[in-house]
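Report on the following structure.
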Amino acid sequence: MDPAYGGLWVDYAVGSLMHQQLFEMNKEFEMVGLLAESVDISDDGLTWDIKLREGVQFHPPNQREMVAEDVVYNFDRIANPDTGSPRRSQVSPFESWSAQGDYTFRITLPQRLASIPAWNGFMGLSVLSPDALEERGDASQHPVGTGPFTFEEWTPREELRMSAFEDYWADDVPYVDEIVLRPITESSTRITEITTGNVHLDRNPPKEQLQQLRDAGKVTVDQQPSGGYRMLHLNPTEDPDGGRSPEKPTTSLEVRQAIQEAIDREAMLEIVDSGIGTTTQTWFPEESPWHVDYAPYSMAADPERAQQLIEEAGFSTPLPITILSSPDDGAIRATGRVLRDNLLQAGFEPDLQELEIGTWVSRLGNREFDIAVDWSVTQLDPGMMQRNYNQERFARPLAPVRGMHDDLFDLWEQGEATTDTAERQSIYGDLQRRLTDLSLNLPLHFRNRVEAYRNSVSGYQTHPHMLNWRDALEDANLQE
């Protein structure tokens, strides 16, 4: 529950009910102000003065007004190496930050950075009560933020209980008096709980039972594009040696493109996510302002073209190659196995290494793979994608190609140098096409967010990136 340490989507989605960032992504995939009310950018683009909402209150028992010094405290905490926060890279592009009075938070930059709202709207940069952090040391047992709901009680593996914050800064919300979040792993139990009314919402109902929920007549099954996607990392570097095939085939552009042609993305979507989503070869869904329509490789696999590319690269077939996967995550396991079968048919000799999730994380971070199966949460802005490629600015990128493909970084710098949306869309369209051609990271398909909720719940709408209970209520007129 401490956003400085959380890394899973559910950490962000649940946490966002209790603590908030300066910006957030709306349902149209646009970055908008949350705790930030407005922004004033200097003529040289290197100083951003972020005007904070006045009257925003921290929750009890540390209730008082949030001011700019509180934002400074939270940024300092994330940036401090002693904190050990994996979110530290989110403040690394900033030169400094400071409070300019009570209601202005200033960020100064070493170079232009138009994606500042996205860096400040991603998981991790929530504003927590400094008083509560000083008292408790961290927020893992009792987060005190500014969100619409306050923490009440957490019983691990059983339930997390929150109540409506009466002094929440937005008018007339939240409507719900209390939220109880329960982890229910058994699919049949989840179906029973929501159809009988013991549960109002299932944030990820079993895909194979969606029709059963619809047929029940008391439940709405809703889905929205999330922007989150299944993906592969291809290692383009000579180092390290561990976990890789001796010939390190993914250092070859033609081999990486052969992998693109070998993948049956349509079958992958059906098998891994029950067909609920959209195949892709780029990073942003059609609903996003950053979407680019570009798919130079086959969506359904072209094994003959894959073998031709392997031969053009100077390798003989079958070509040994390693796949890093884990059996501890069902989707990662399924993606790895489909990929193995695809590669077998396309001139490769895949070595599928299914490792427990902790070892998978370690091997992934150390780039000990030829191909690694992974997934990504919704990308908020193309500027943030540089984290995966630029070892000069970010620790442990999975495809460190600064110095190998500097034209990519020229495009990033152009996109960050202007706040004109149309200009950025054009520049980042070129960047995405170039990244797809280089085949360093391979998006496979976008996953739709699927939620089921009781018909008695009104005002709720599935959000691509969070749990949107702030605007929801249970309508007594709709209760069965």
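We did not get these values from a lab; they are worked out from the coordinates using the rules stated. All values reported here derive from a predicted model rather than from experimental measurement. For neighbour counting, all protein chains shown are included, and Cβ atoms are generated from backbone atoms with ideal geometry for every residue, glycine included.
A few points about this structure:
- Between region 365-425 and region 66-117, the alpha-carbon center distance in angstrom: 21 Å
- Using only side-chain charges placed at the Cβ, +1 for Lys and Arg and -1 for Asp and Glu, the dipole size of the chain relative to its Cα centre rounds to 760 debye.
- Footprinting exposure proxy ranking of Asp171, Asp40, Asp273, fewest other C-beta atoms within 10 angstrom first, gives Asp171, Asp40, Asp273.
- Structural descriptor for the chain: relative contact order 19 percent, calculated from alpha carbon pairs under 8 angstrom and at least 6 residues apart.
- Sorted by Cβ neighbour density within 10 Å, fewest at the top, the residues Arg305, Arg87, Arg244: Arg305, Arg87, Arg244
- Computed over Cα pairs, the Kirkwood radius of region 21-135 leads via Stokes-Einstein (1.002 mPa s, 20 °C) to a diffusion coefficient of 148 µm² per second.
- Cβ-based exposure ranking for Trp412, Trp290, in which fewest neighbours within 10 Å come first: Trp412, Trp290
- Distance histogram in 10 Å bins (all Cα pairs of the chain, percent per bin): 4, 18, 28, 26, 17, 6, 1, 0
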